[in-house]
Amino acid sequence: MRSYLLLLAIGLLWGSQFIFMHQAVAELPPILVAAGRALCGSLTLGLLCLFMRLKSEHTPWRTYMLIALLDATIPFIMVAWGQQYVDSAIAAVVMGCIPFVTILAAPLFISGERITKTGLLSVIIGFAGVLTLFWPKLSQGMNAGLLGAMAILLGASCFAIGLLMIKRFAKDHPVVVARNILISSAIQLLLVAPFMVDLSSLTLPSTQALSAITVLGTLCTGLVYFLYMALIQKAGPTFASFSNYLVPLFGVMLGALFLGEQIHPTTGVALALILGSVAMNQWAQQRRMQREVSLCQAS
């Protein structure tokens with residue numbers, strides 16, 4: 001029962017990030033929202049690492065800087081920028097594309113990984129979901145909404161590649177890895193921000209916007225990663241990966257509930273296609289793992 005509660009909490013926290021992002025970018029430039037998110041997340045995980053007495057021992061900081069660029073810095077900026085022009089529901093569905101981007105990129109980063117027929121079919125179905133989601137905006141020609149959705153897709157793709165780089169290069173405890181990535185990302189974003197925004201022209205944001213950034217960083221970035229690691233340890237990575245279904249579902253539902261967003265029919269169809277592609281790939285992975293276990297037992 002506890003594992004299911006953890007899974008729901010993870011889906012809710014990751015799915016709600018799009019609501020808080022929507023509130024934050026309404027008053028602050030995307031680069032500052034991204035920097036605030038990374039800073040709050042790194043502080044949260046830093047405190048957890050102190051409490052758990054975890055230290056960085058194996059992976060050099062220059063590696064974390066490179067991983068952070070793809071896993072946090074670019075995605076944080078792209079999602080924040082894109083959500084200025086698209087509903088939170090669309091952002092949530094686009095971020096649901098992460099699993100099939102990972103399928104395509106995995107052979108480039110992980111030795112022994114290959115794209116199976118089922119994996120390729122799931123990518124095609126997922127890509128059909130993306131086209132369905134983008135179609136209303138594509139039919140109108142190039143516009144801000146389409147650019148916003150494409151920016152979020154770029155962020156999702158970078159995040160997927162970042163996850164593969166973590167798997168290959170990062171050797172520390174998972175919570176330490178997340179902390180160091182967010183610290184590196186916060187440094188990058190804070191260094192770049194003064195060159196992208198005229199800080200002297202900014203007005204003091206409202207309490208709502210500041211609270212949104214704080215929640216986005218502490219809960220939807222820092223705490224949720226800790227819970228995700230706890231779920232993997234308790235129930236295994238396969239069970240934890242079911243969060244891939246919950247995040248876009250919660251994102252769409254929360255956007256409609258709290259922001260009054262109307263769910264376009266194409267959004268629902270796209271969500272079904274993308275979740276279907278994730279389910280197909282997950283089913284294939286489970287079958288492959290079962291075959292490997294059977295072969296090991298037979299030998």
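Would you mind computing the Rg to Rh ratio of segment 30-99 from its alpha-carbon coordinates, Kirkwood style for Rh?
1.06
In terms of Cα to Cα distance under 18 Å, which aspartates and glutamates are near enough to LYS55, apart from those fewer than 8 places away along the same chain?
Here the aspartates and glutamates satisfying the reach criterion relative to LYS55 are ASP172.
Would you work out the charge dipole size for the chain about its Cα centre, treating the Cβ of every Lys and Arg as +1 and the Cβ of every Asp and Glu as -1, and quote it to the nearest 20 debye?
920 debye
Fewest first, what order do TYR225, TYR85 take by the number of other Cβ atoms within 10 Å?
TYR85, TYR225
Specify which residue in the list ILE152, VAL101, CYS40 is farthest towards the positive end of the charge dipole of the chain, using unit charges on the beta carbon of Lys, Arg (+1) and Asp, Glu (-1), about the Cα centre.
Most positive-ward Cα: VAL101.
Roughly how many debye, to the nearest 20, is the charge dipole of segment 65-216 about its Cα centre, given +1 on each Lys and Arg Cβ, -1 on each Asp and Glu Cβ, and no other charges?
420 debye
Let me check I have the definition right: for segment 190-270, take the eigenvalues of the Cα gyration tensor, multiply each by 5, take square roots. What are those semi-axes in whole Å, largest first?
31, 22, 13
Under 20 Å Cα to Cα from LYS167, which aspartates and glutamates show up? Leave out anything in the same chain fewer than 8 places away.
Cα-Cα hits under 20 Å: GLU57, ASP71, GLU113.
Given the chain reduced to its alpha-carbon atoms as identical point scatterers, what log10 I(q)/I(0) does the Debye formula return at q = 0.08, 0.10, 0.15 Å⁻¹?
-0.34, -0.54, -1.25
Using the Karplus equation 6.51 cos²θ - 1.76 cosθ + 1.60 (θ = phi - 60°), what ³J(HN,Hα) coupling, rounded to whole Hz, does each residue of segment 271-280 give in order, writing x for Gly and Pro?
Per residue, the Karplus-derived 3J(HN,Hα) values read 4, 5, 5, 5, 5, x, 5, 5, 4, 4 Hz.
Give the separation of the Cα centroids, segment 193-238 to segment 63-94, in Å.
If we compute the Cα centre of each part, the gap is 12 Å.
Please compute the contact order of segment 1-152 in relative form: average sequence separation of alpha-carbon pairs under 8 Å and at least six residues apart, divided by the residue count, as a percent.
Here the relative contact order equals 30 percent.
Can you quote the Å³ per residue value for the convex hull of the Cα atoms in segment 124-237, rounded to an integer?
Cα convex hull per residue, to the nearest whole number: 183 Å³.
Quote the charge dipole size of segment 142-299 about the Cα centre in Debye, to the nearest 20; the model charges only the Cβ of Lys and Arg (+1) and of Asp and Glu (-1).
640 debye
Run the numbers on the chain and let me know its relative contact order in percent, using alpha-carbon pairs under 8 Å that are six or more apart.
41 percent
Select from ILE90, HIS173, MET78 the residue farthest towards the positive end of the dipole of the chain; place +1 on Cβ of Lys and Arg, -1 on Cβ of Asp and Glu, and compute about the Cα centre.
Result: HIS173, furthest along the dipole toward the positive end.
Taking neighbour Cβ counts within 10 Å as the exposure measure, how do PHE250, PHE195 sort from fewest upward?
Least crowded to most crowded, the residues run PHE195, PHE250.
Exposure proxy check: THR102, THR218 ranked by fewest other beta carbons within 10 Å?
Fewest-to-most ranking of THR102, THR218: THR218, THR102.
Coordinate-derived values only; no laboratory data. Small disclaimer: the values here were computed from a predicted structure and weren't measured. Note that we place each Cβ from the backbone using ideal geometry, even for glycine, and neighbour counts take in every protein chain shown.
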